[in-house]
1. Could you go through segment 90-95 in sequence order and give the Karplus-derived ³J(HN,Hα) for each residue, using 6.51 cos²θ - 1.76 cosθ + 1.60 with θ = phi - 60°, rounded to whole Hz, and x for Gly and Pro?
2. Stokes-Einstein diffusion coefficient for the chain at 10 °C in a medium of 1.306 mPa s, Rh from the Kirkwood formula over Cα pairs: what value in µm²/s?
3. What percentage of the solvent-accessible surface of the chain, computed with a 1.4 Å probe over protein heavy atoms, is contributed by carbon and sulfur atoms?
4. Tell me which trypsin sites (Lys or Arg not before Pro) from segment 1-49 have a DSSP coil assignment and no more than 10 other beta carbons within 10 Å of their own.
5. So what is the accessible area of segment 1-117 per residue, in Å², with the probe set to 1.4 Å?
6. Starting at the first residue of segment 36-53, write each ³J(HN,Hα) from the Karplus equation 6.51 cos²θ - 1.76 cosθ + 1.60 with θ = phi - 60°, in whole Hz, x for Gly and Pro.
7. What relative contact order, as a whole-number percentage, does the chain give when Cα pairs under 8 Å and 6 or more residues apart are counted?
8. Which is farthest toward the positive dipole end of the chain among 39, 105, 62, measuring Cα position about the Cα centre, with Cβ charges +1 (Lys, Arg) and -1 (Asp, Glu)?
Amino acid sequence: MANPAHLKAAAYGALVLAFGHALSSRKFMKLRQFRELPSIALVCSTVGWYQGSAYLVLTALLNLQWSLNPQALEEPLHRATAALLTVIAWGSSISYLRGGVKSSGFITAAAGAFQAWAAFRS
């Protein structure tokens with residue numbers, strides 16, 4: 001069974017990352033190249049960035065819930081949800097690293113690894 005303290009740590013970590021992720025938008029959204037994107041690219045990029053922050057908040061909420069009931073992670077639906085959170089983090093990490101955004105890539109990879117460890121370690 002997953003350790004409630006590890007799940008709670010994953011939850012608080014995800015909240016910190018969500019806050020940092022949302023704040024980091026200021027840096028690249030001020031770039032002239034970003035502001036000059038065609039309207040559809042600008043809107044989709046902006047919305048997608050904040051959806052990423054919401055994903056991290058959702059990750060935090062799920063981990064908080066699992067910390068209150070770690071037995072839930074024995075059920076296939078909850079295990080699949082935890083696995084999906086990990087896959088999304090690692091997929092995002094690969095995209096960041098391929099795009100040269102190394103700090104975000106490494107942080108996201110570590111967050112995915114911690115998520116997997118917290119949810120699946122018995």
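1. Residue by residue, segment 90-95 yields 5, x, 5, 4, 4, 5 Hz.
2. Answer, rounded: 105 µm²/s.
3. Percent of accessible area from carbon and sulfur atoms in the chain: 69.
4. Here the trypsin sites (Lys or Arg not before Pro) that fit, given the DSSP loop and packing criteria, are 30.
5. 61
6. Once rounded to whole Hz, the list reads 8, 4, x, 3, 5, 5, 5, 5, 5, 5, 5, 4, x, 5, 6, 5, x, 5.
7. Details: 123 pairs, mean separation 49.6, N = 122.
Over the chain, the number comes to 41 percent.
8. So the residue furthest toward the plus end is 39.
The values are calculated or read from the model by the stated rules, or taken from the named source; none is laboratory data. A quick note: this is a predicted structure, and the numbers were derived from the prediction, not measured. Backbone-built Cβ (ideal geometry, glycine too); neighbour counts: all protein chains shown. Remember, those area values only see protein heavy atoms, side chains included, never the ligands or the DNA or RNA. Shrake-Rupley method; radii C 1.70, N 1.55, O 1.52, S 1.80 Å.
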